[in-house]
Amino acid sequence: MPVDTWFPLAIYYEDLADAPQHRQALIEAVLDLEAAGAEPRNFPEMAWTGDLHGVEQIHLDPRFAWVVDQVETHTRLYLGELGLDLSAIDLYIQRAWPVVSRYQQEVGDHRHNTAHISAVYYVAVPESGTDAAGCLAFFDDARPNEVSPGLGSENTNIIATWNYLNQDQALYLPTEGRLILFPAKQRHGVTMNHTEGLRISLSFDIVLTAAPGQAAGAYEFLAPPPSQWRRFKPG
Ligand SMILES: [Fe+2]
């Protein structure tokens with residue numbers, strides 16, 4: 001009784017070889033930025049995220065140059081795996097920020113709606129490789145095999161066996177030195193940090209545009225590069 005599966009979500013990951021050499025300097029840079037950032041706006045049960053605290057340009061900060069380089073390299077590999085013609089596109093890091101999750105903190109589910117690809121890099125993870133410090137959870141909103149919408153939810157809990165054909169989320173164990181890339185529109189969140197240690201990650205939002213040139217304005221679904229834009233005169 002074969003069952004075929006189609007339309008996979010592609011999540012890329014790589015354990016970066018030089019990660020241990022960069023760990024301590026990255027931790028210090030993140031904690032410096034957190035200390036110098038805006039007054040905390042996060043709810044106590046939510047992790048500190050740089051984007052809410054004026055710390056969203058670490059891609060321009062030389063202390064993060066190594067990891068920015070890695071993000072660029074692996075994003076190209078990821079898009080190549082997805083079958084894109086890399087010569088036709090330009091890639092930009094639009095913004096990037098640290099996330100610090102402490103004891104009993106999490107990150108609610110969300111999408112990165114202003115970007116195309118999102119990256120996360122794990123700088124420091126207590127009990128790395130286990131779920132203790134909080135997993136990255138991806139949620140499936142398409143639910144292609146949910147033959148009657150809502151099956152398995154609170155009031156219609158008739159799924160006898162959860163398996164790969166009906167799973168509604170995928171959990172990634174946080175692992176120090178690992179870089180993960182995923183479509184920015186994929187809804188995701190981070191589960192609770194149950195350890196007393198600091199779980200430190202870096203997030204990157206990446207945008208695709210057409211490469212400059214004749215075809216750049218001709219694609220229906222790819223923005224021309226910002227170098228071809230005109231900014232309005234101040235109004
Ligand atoms: Fe995110």
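The values are calculated or read from the model by the stated rules, or taken from the named source; none is laboratory data. Source: prediction; values computed, not measured. Here the Cβ positions follow ideal geometry from the backbone for every residue, glycine too, while neighbour counts run over all protein chains shown.
General observations
- Selection status of TRP66, of a type in the set (Phe, Trp, Tyr) and either at pLDDT below 95 or under 21 Å from GLY189 (Cα atoms) (or both): no
- Restricting attention to the stretch 188-202, the residues that are of a type outside the set (D, E, K, R) and away from the ligand (no atom under 15 Å from the Cβ) add up to 6.
- Top-ranked residue in the stretch 14-45 [being touching a Gly at 6+ places or on another chain (Cβ under 6 Å) and farther than 13 Å from PRO98 by Cβ; ranked as modelled with the lowest pLDDT]: ALA38
The rows are residues; the columns are (1) in contact with a Pro (Cβ under 8 Å, 6 or more places away or on another chain); (2) surrounded by fewer than 22 Cβ atoms within 10 Å (Cβ to Cβ); (3) of a type in the set (A, V, I, L, M); (4) within 23 Å of GLU56 (Cβ to Cβ).
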{"residue": "ALA96", "(1), (2), (3), (4)": "no, no, yes, yes"}
{"residue": "ARG102", "(1), (2), (3), (4)": "no, yes, no, yes"}
{"residue": "TYR122", "(1), (2), (3), (4)": "yes, no, no, yes"}
{"residue": "VAL125", "(1), (2), (3), (4)": "yes, no, yes, yes"}
{"residue": "THR130", "(1), (2), (3), (4)": "no, yes, no, no"}
{"residue": "CYS135", "(1), (2), (3), (4)": "yes, yes, no, no"}
{"residue": "PHE139", "(1), (2), (3), (4)": "no, yes, no, no"}
{"residue": "ARG143", "(1), (2), (3), (4)": "yes, yes, no, no"}
{"residue": "GLU146", "(1), (2), (3), (4)": "no, yes, no, no"}
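- Residue match in the stretch 178-187 (condition: farther than 23 Å from LEU79 by Cα and either within 16 Å of the ligand (Cβ to nearest atom) or out of contact with any Pro (no Cβ under 9 Å at 6 or more places or on another chain) (or both)): no
- Here is the figure for the stretch 178-190: residues that are surrounded by fewer than 20 Cβ atoms within 10 Å (Cβ to Cβ) and closer than 15 Å to CYS135 by Cα total 2.
- Pairs meeting the criteria (first residue in the stretch 92-110 and of a type in the set (Asp, Glu), second residue modelled with pLDDT under 95 and within 12 Å of the ligand (Cβ to nearest atom), beta carbons under 9 Å, at least 6 apart or on different chains) are GLU106/ALA47.
- Residue count for the stretch 44-67 satisfying the condition of being under 18 Å from ALA115 (Cα atoms), hydrophobic (A, V, I, L, M, F, W, C), touching a residue at least 40 places away in the same chain (Cβ under 8 Å) and surrounded by fewer than 20 Cβ atoms within 10 Å (Cβ to Cβ): 0.
- For the stretch 160-177, residues that are within 15 Å of the ligand (Cβ to nearest atom) and touching a residue at least 60 places away in the same chain (Cβ under 8 Å) total 2.
- Test result for GLN214, polar (S, T, N, Q) and within 16 Å of the ligand (Cβ to nearest atom): no
- Residues satisfying the stated conditions in the stretch 119-150, i.e. in contact with a Lys or Arg (Cβ under 9 Å, 6 or more places away or on another chain) and either without any contact (Cβ under 8 Å) to a residue 12 or more places away in the chain or of a type in the set (Val, Ile, Thr) (or both): VAL120, VAL123, VAL125, PRO149
- Total residues in the stretch 47-60, condition in a helix (DSSP H, G or I) and of a type in the set (A, V, I, L, M): 3
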